[in-house]
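Here the structure is laid out as C-alpha cells; the discussion comes afterwards.
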Amino acid sequence: MSRIRLVVFDIAGTIIEDHGEVARAFTKALMENGIPFVEDELKRWKGASKREVIRNFVKQADSKGDIDQTVENSYRRFRSELEGFYSEKLEPIGGAVDTFRWCKDHNILLATTTGFYREISDLILRQTGWCDFFAANISSSDVPQGRPAPYMIFRAMEATGVQNVKEVVNVGDTPLDLQSGSNAGLTGVVGVLTGAHDRESLQGQPHTHIINSIADLPDLIARAF
C-alpha cells in the first residue's frame, strides 16, 4: 500500500494543456508597456510567480527608477489577456481525471500550486469542473515567495493536514516545479513532459522521476512509493 497521502500538482502544462497562453499574455503586457525582454528568458521563468516575472523584466529595463507603477500596469494587462485566453478555451491533459479519481480511490489527497494569481486558478478549476477533486488550491499570492521556494507546497500540506514531507509527491512540468519540490525535501519530485520543457531540460534538475504525463502517475505511485 502506498505511503503517499498528498499529491501536489502544478496547473498549466501539468493538468491542463499549455498552448503558449501565458507567454502570449506576457508578450502583450511587456510590449505595450515598453519593457524589453527575450523570449528564451521568459521560458526559463515558467512556473514562477507571474508578478515576480514582470518585476524582473521591469527592473532589468530600469534598475534605478521607481518601477512599482510600471509593474502594476504590466501585471494588470497580463491578467486581462490571460483571463481572456482561458475563458475562451481550456484543454485538460489526457488522463487527468482518471488520475485524480485513482488518487481519490486510494485515499490520496490532491492539491494544486501555481504561479497564477487566485482568480485565474479558480477560473481554471471552475471551467474544468474539477473543484471537488482538490482539498487545497494554493497560488503564489498566498505565500511570501513563489517557486523555487517550497512555500506553496508547505502551505498545501498545512491546508490538508499532512505533516510529513515523506508522504508528499509534487508533480510539475518546469525546472522551477522540480526545484521547489526538491527544496521542500519531498519523497517524490516528478517531472512531466506535457509542458514547454523537454526531458533533457528536466533531467538536469533535482528530481526523483520523469514521466510522460500525469496519466502515468498512478502506475508510478503504485510501483515506486
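Considering only segment 25-49, state which residues are in contact with a Phe, Trp or Tyr (Cβ under 7 Å, 6 or more places away or on another chain) and modelled with pLDDT under 85.
Phe37, Leu42 - these are the residues of segment 25-49 that are in contact with a Phe, Trp or Tyr (Cβ under 7 Å, 6 or more places away or on another chain) and modelled with pLDDT under 85.
Is it the case that segment 63-81 has a residue that's under 30 Å from Glu167 (Cα atoms), of a type in the set (A, V, I, L, M, F, W, C), crowded, with 17+ Cβ neighbours inside 10 Å and not assigned by TED's automatic domain parsing to the domain that holds Val190?
no
Here are Ser121, Ser141: which of them is among the polar types (S, T, N, Q), farther than 18 Å from Asn170 by Cβ and either in the same structural domain as Leu217 (by TED's automatic domain parsing) or without any contact (Cβ under 8 Å) to a residue 40 or more places away in the chain (or both)? Before you say what the answer is, go through the steps one by one.
Working: Ser121 fails: farther than 18 Å from Asn170 by Cβ.
When all the criteria are applied, what remains is Ser141.
What residue, of Val58, Val22, is touching a residue at least 40 places away in the same chain (Cβ under 8 Å) and either of a type in the set (Asp, Glu) or part of a helix (DSSP H, G or I) (or both)?
One residue alone meets the criteria, Val22.
Can you find, within segment 143-183, the residue that is nearest to Pro218 (Cα to Cα) among those that are crowded, with 21+ Cβ neighbours inside 10 Å and of a type in the set (Gly, Ala, Ser)?
Here the answer is Gly172.
Among the listed residues Gln205, Gln179, identify the single one that is in a helix (DSSP H, G or I), of a type outside the set (A, V, I, L, M, F, W, C) and closer than 28 Å to Arg24 by Cα. Step through it out loud before you land on a result.
Numbers: Gln205 fails: in a helix (DSSP H, G or I).
The conditions single out Gln179.
The values are calculated or read from the model by the stated rules, or taken from the named source; none is laboratory data. All of these numbers come straight from a predicted model, not from anything done at the bench. As a convention, Cβ positions derive from the backbone with ideal geometry for all residues, glycine included, and neighbour counts pool all protein chains shown.
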